[in-house]
Amino acid sequence: KEWEERQKTRQEEMQAVSKALAVLSSDDAHDLFTRTFNPALLQKESDLNSHIRKQAAALLMGMAKRLHSPRLATLAYKLKLDAFTRVKKAIDDMMAQLLKEKGDEIKHKDFCTGEFNTNQLQTEKKEREKEDVAAKIEDLSMSIEQLGKAIDGLKAEIAEMQVQLKHAGEDREKENKEFQSTVSDQRETQELLKKALSVLQDFYNKKALLQVRQEPAGPPPPAGFESYKKNAGSSGVLSLLEQIISDAKAMEAEALRSEEDAQKAYEDFVKGTNASVQSKGKDIVNKSETKAKAESDFIESKEAREGVMLELEQLSNYNANLHSSCDFVLKNFDLRQTARDEEVEALRQAKAILSGAKFEEFLQQ
């Protein structure tokens, strides 16, 4: 902005000077100035000095028109009025000013070139940082989501295992009650069968003993009657009872083994399930810590991205300011430097003419 304002001011200055020169260059103004400021000197000025003034003024005015330089035009007009010493000093001052402007413009160009390069490098670096932090944010977001799902899955698995433990405990309790009832029934059955067997055995043993020891008494039995003998089917009944008792004992033993197996299986299931619950609980703790760290990194990465975006905005704003300050200089640098060099050369030639050099020498150049 400052450079544009300077350029605008310079253009306005050039327009104002041009208008002023048009006014001051009129014949009436020239006659008035001649009478007012230096009538004695003009009257005494030699033809040679007048010729030199005209040659130097013509050189400067021609260059002023070609370069559109108000300064050279002003200086050309001064040649018609001021003494040589004052004109030469004005030429020296203008040459010094032009050379200073040239040096300042070179510095400004170098500054602009360097700042544009630095701005581009910093912008490219921040763009890479923005891409990196964006990728990191995406990765962290996916990790947080996956860890959350994994933790929820583990919690669901633990809850399911706890339900299974509860059901297994209820089933085990039910099976144990059935076992206790079965064993109790088998043992009661065995006791009853043993009592029945004992009664029958006592009866048959007593009858058999009496028949062996007792002599026949009284008259012989009538025709058709036989002596008392042990029932042939009694041994089969006793054997059956003994077999039922044996089967009951076997069923009791089988029930005991089944109960032991079931209890062991239940205890193994409880032990394994508890171990799995504990393992999954540790896994939940580890994943929760990892998730918390990822969430913390996620927040930091978002803040870092905001910082990078702010820096990119600042770099962009500075780049826009550089364009405002530098575009005119960079675009017109060679042209302006050449024009300024030509102005300086014209001033040197004018000074040389005033110092005695021949105008024709410069025309040949």
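The values are calculated or read from the model by the stated rules, or taken from the named source; none is laboratory data. Since this is a predicted model, take the numbers as computed values, not measurements. A quick note on method: Cβ atoms are made from the backbone with ideal geometry, for glycine too, and the neighbour counts reach across all protein chains shown. Areas reflect the complete protein model, heavy atoms only, side chains present, ligands, DNA and RNA absent. Shrake-Rupley method; radii C 1.70, N 1.55, O 1.52, S 1.80 Å.
For the stretch 150-202, carbon and sulfur atoms together expose 51% of the accessible surface, with a 1.4 angstrom probe and every protein chain in place. Available extension along the chain between Asn286 and Gln164 is 41.4 nm, counting 0.36 nm per residue and deducting the alpha carbon span. Across the options Ile151, Phe111, Gln164, the greatest Cα extent toward the positive end of the charge dipole of the stretch 96-170 (unit charges at beta carbon of Lys, Arg, Asp, Glu) belongs to Phe111. Solvent exposure of the stretch 245-300 amounts to 65 Å² per residue of accessible area, where only protein heavy atoms count and the probe is 1.4 Å.
Remark: spin-label model distance Leu200-Asn176 equals 3.9 nm, labels positioned 7 Å along the Cα→Cβ axis. Among the listed pairs Lys174/Lys271; Lys126/Lys287; Lys166/Lys264; Lys65/Lys102; Lys109/Lys351; Lys130/Lys293, those whose Cα-Cα separation exceeds 28 Å are Lys126/Lys287; Lys109/Lys351. Element breakdown for the stretch 228-335 at a 1.4 angstrom probe: carbon and sulfur atoms account for 55% of the accessible area.
In this calculation the C-beta distance from Lys125 to Phe328 is compared with R0 = 22 Å, giving a FRET efficiency of 0.20.
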